[in-house]
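Chemist: If you scroll down you'll find the structure; I have some questions about it.
The values are calculated or read from the model by the stated rules, or taken from the named source; none is laboratory data. Everything numeric here is computed off the predicted structure, so don't read it as measured data. So basically every Cβ, Gly included, is an ideal-geometry build from the backbone, and we count neighbours across all protein chains shown.
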Amino acid sequence: MASTMKVHEYQARALLAEAGVPVPQSSVVESVDDAVAAFNKIGGRAVVKAQVFAGGRGKAGFVKLCDNTDQVRQAADFMLSNRMVSVQTGAEGIEVKKLLVASAVDIESEYYVAVVMDRAKRCPVVMVSTEGGVEIEVVAKEKPDAIVKCWLHPHMGLLNFQCAQLVTKLGFTDKAQAKAAAKVIRGLVDIFLKYDCALAEINPLVRTTDGEVLAIDAKMNFDDNATFRHKKLQEMFDPTEENANELRAKEFDLSYIALDGSIGCLVNGAGLAMATMDLIKLHGGEPANFLDVGGSVTTEAAIEAFRIILSDEKVNGVLVNIFGGIAKCDTIAEALIAAAQEIGFKIPVVVRLEGTNVERARELLEAAKIPQLIPAEDLTDAAKKVCAKVA
């Protein structure tokens, strides 16, 4: 399962500016006094925006247009003193540690511009729309014809005629504005290709009442597997915004992604992990995580995998599904027994093992006589048993 690295809006703005895309003047701050100072530096109306990895900031009250220092002080104090709760954060919300104070602009028109990987066609696609400032998923559902797509050539990238077509579709007729819009699109494509993006999005791109074309909000995600090539991205990484268990998993070369269910999964192989989650769903359960321990997992890594799974309070049961190849079944069995003795299993752990040294593994599990370890004959049997245990 692929994962991505996210950056904050202020960091995405910096990458846009580096690529020649015009963005309003702004400062990132961490205190109320610094927010006021940033507002005074801008010298006019400003927008105060919480910097978190979640959408719905405006509806949650964490984006405020301010005309004076009192409004800035109130907005900054509110955002830094309260957790942001939106449809994307869950009821627990997210702590806000940084704010962006940006120069406000008078908007005449809003647009949407993005570059994303089209996995069906196996190449990046540029998407533009005159329906900017709203969630693109809503536009795709309600006004699909409002989204124009242009696929990039795998070697030549965005061609001149394609860029011209996209600018025309956005409705830019003024020569200077059309040139500015083309520069924005090209800059976004350059960022996407240069930094191995999974998503590079400007929403909205605006035309101001005095004719400027500006990017006033941006979102960028990067392929985790490529960040080692980009020192700049490594410096932008913010561990405080990441799931702590996912960071722990990376230290042991485990692929872990937290989900919302109650059944933990420990599997070797991404495809097998996906199939395991599908079968849990099929039999009425909800997976709590994707966890691929890999083909050459060690006992230490397997024990850490259990620690990570069991640290999730939502987990009421675990399904272990191992097909022994490079990672032999008896190695996994020894790890299971060691984890049970070291951590202590208080919830059912259903175990399906198959492959190299499977008979030896079954003998080890049986001899350990740990009641929480429940053997399964096959994957379907394992899914049924773990779903029944947590029902």
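Chemist: Of all residues in the range 68-82, which are surrounded by fewer than 18 Cβ atoms within 10 Å (Cβ to Cβ) and under 13 Å from Phe39 (Cα atoms)? If you could, list the steps in order and put the result at the bottom.
Modeler: Of the range 68-82, the ones surrounded by fewer than 18 Cβ atoms within 10 Å (Cβ to Cβ) are 68-71, 73-74, 77-78, 81-82.
Across the range 68-82, the qualifying residues are Asn68, Thr69, Asp70, Gln71, Arg73, Gln74.
Chemist: Would you be able to tell me the number of residues in the range 104-128 that are touching a residue at least 40 places away in the same chain (Cβ under 8 Å), in a strand (DSSP E or B) and surrounded by fewer than 20 Cβ atoms within 10 Å (Cβ to Cβ)? If you could, list the steps in order and put the result at the bottom.
Modeler: First, pick out the residues of the range 104-128 that are touching a residue at least 40 places away in the same chain (Cβ under 8 Å): 104-117, 124, 126, 128.
Going one step further and asking which of them are in a strand (DSSP E or B), we end up with 107-117, 124, 126, 128.
Subsequent filtering for residues that are surrounded by fewer than 20 Cβ atoms within 10 Å (Cβ to Cβ) retains 107-110, 116-117.
So the answer is 6.
Chemist: Filter the range 39-64 down to residues that are touching a helix residue (DSSP H, G or I) at 6+ places or on another chain (Cβ under 8 Å) and either assigned by TED's automatic domain parsing to the domain that holds Ile202 or in a helix (DSSP H, G or I) (or both), then give me how many there are. Give the derivation first.
Modeler: Taking the range 39-64 and keeping what is touching a helix residue (DSSP H, G or I) at 6+ places or on another chain (Cβ under 8 Å), we get 39-40, 46, 48-53, 61-62, 64.
Checking the rest, the ones that are also either assigned by TED's automatic domain parsing to the domain that holds Ile202 or in a helix (DSSP H, G or I) (or both) come to 39-40.
Selection size over the range 39-64: 2.
Chemist: I need the helices (runs of 4 or more DSSP H) fully contained in the range 294-391, keeping only those with at least 2 residues that are more than 32 Å from the chain's Cα centre (by Cα) and buried (at least 20 other Cβ atoms within 10 Å of the Cβ). Explain how you work it out, then say what you get.
Modeler: On the way: elements: 299-310, 329-342, 358-368, 379-390.
Answer list for the range 294-391: 329-342, 358-368.
Chemist: In addition: Hey, any hits in the range 98-111 for a residue that's assigned by TED's automatic domain parsing to the domain that holds Ile216, at pLDDT 95 or above, aromatic (Phe, Trp, Tyr) and within 27 Å of Val206 (Cβ to Cβ)?
Modeler: Checked the range 98-111: at least one residue is assigned by TED's automatic domain parsing to the domain that holds Ile216, at pLDDT 95 or above, aromatic (Phe, Trp, Tyr) and within 27 Å of Val206 (Cβ to Cβ).
Chemist: Something else now. Against the condition crowded, with 22+ Cβ neighbours inside 10 Å and either more than 19 Å from Ala244 (Cβ to Cβ) or modelled with pLDDT of 85 or more (or both), how does Asp278 come out, does it pass? Give the derivation first.
Modeler: Values: crowded, with 22+ Cβ neighbours inside 10 Å: no; either more than 19 Å from Ala244 (Cβ to Cβ) or modelled with pLDDT of 85 or more (or both): yes.
In short, no.
Chemist: Here is a further query. Let me confirm something: among Arg45, Arg57, which residue is surrounded by 19 or more Cβ atoms within 10 Å (Cβ to Cβ) and either more than 25 Å from Ile191 (Cβ to Cβ) or at pLDDT below 95 (or both)?
Modeler: Values: Arg45 fails: surrounded by 19 or more Cβ atoms within 10 Å (Cβ to Cβ).
Of Arg45, Arg57, the one residue that is surrounded by 19 or more Cβ atoms within 10 Å (Cβ to Cβ) and either more than 25 Å from Ile191 (Cβ to Cβ) or at pLDDT below 95 (or both) is Arg57.
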